Amino acid sequence: MKQKIVIQVQMTCNKCRSKAMALVAATGGVDSVALAGDAKDQLVVVGNDVDSVKLTSALRKKVGPAQLLQVADAGKKKEEEKKPAITTTAVVHPSYYQYYQQPATIIYEYPATGYAYGYGYP
């Protein structure tokens, strides 16, 4: 049975995130791992017959405080998620932006002296 597991883990840095993702990916039966949430502190795990309790306790031991938020079947999707996407397109004449673009400024910085040389428009 394919299931979707959401685990919230206290991850404050990118090193913690990569460590948590590597730990989950090495677990048997895991098909995919993704980060979710505003603070990227939730792991979304999709796999076959994954023991969510063992996975959560392993994350607690190796990474930090972890909380199991959701275990659901991955095959079933809610009707809310099946809404059709609305796409819009805008047509802009290419020559309009040609006259109003500013040239790029290129700056060379030498780390030994700390002095920067540059050219371009400010």
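Observations on the structure shown:
- Residues located in the range 1-29, provided they are more than 19 Å from GLY75 (Cβ to Cβ) and either assigned to a strand (DSSP E or B) or open to solvent by less than 30 Å² (accessible area, probe 1.4 Å) (or both): ILE7, GLN8, VAL9, MET11, ALA20, VAL24
- Looking only at residues in the range 44-78 that are in a loop (DSSP other than H, G, I, E, B) and among the small types (Gly, Ala, Ser), the one that is modelled with the highest pLDDT is GLY64.
- Residue match in the range 30-43 (condition: assigned to a loop (DSSP other than H, G, I, E, B) and under 15 Å from ASP73 (Cβ atoms)): no
- Unmet requirement for LEU68, which otherwise passes all of (1) in contact (Cβ under 8 Å) with a residue 24 or more places away in the chain; (2) loosely packed, with under 15 Cβ neighbours inside 10 Å; (3) under 20 Å from the mean Cα position of the chain (by Cα): (2)
- If you filter the range 30-49 down to residues that are among the charged types (D, E, K, R) and over 17 Å from MET1 (Cβ atoms), you find that the one that is least open to solvent (accessible area, probe 1.4 Å) is ASP41.
The values are calculated or read from the model by the stated rules, or taken from the named source; none is laboratory data. Please read these numbers as outputs of a predicted model, since none were measured by experiment. Using ideal geometry, Cβ is built from the backbone for each residue, glycine included, and neighbour counts are taken over all protein chains shown. Note: accessible area is taken over every heavy atom of the protein model, side chains too, but ligands, DNA and RNA are not part of it. Shrake-Rupley method; radii C 1.70, N 1.55, O 1.52, S 1.80 Å.
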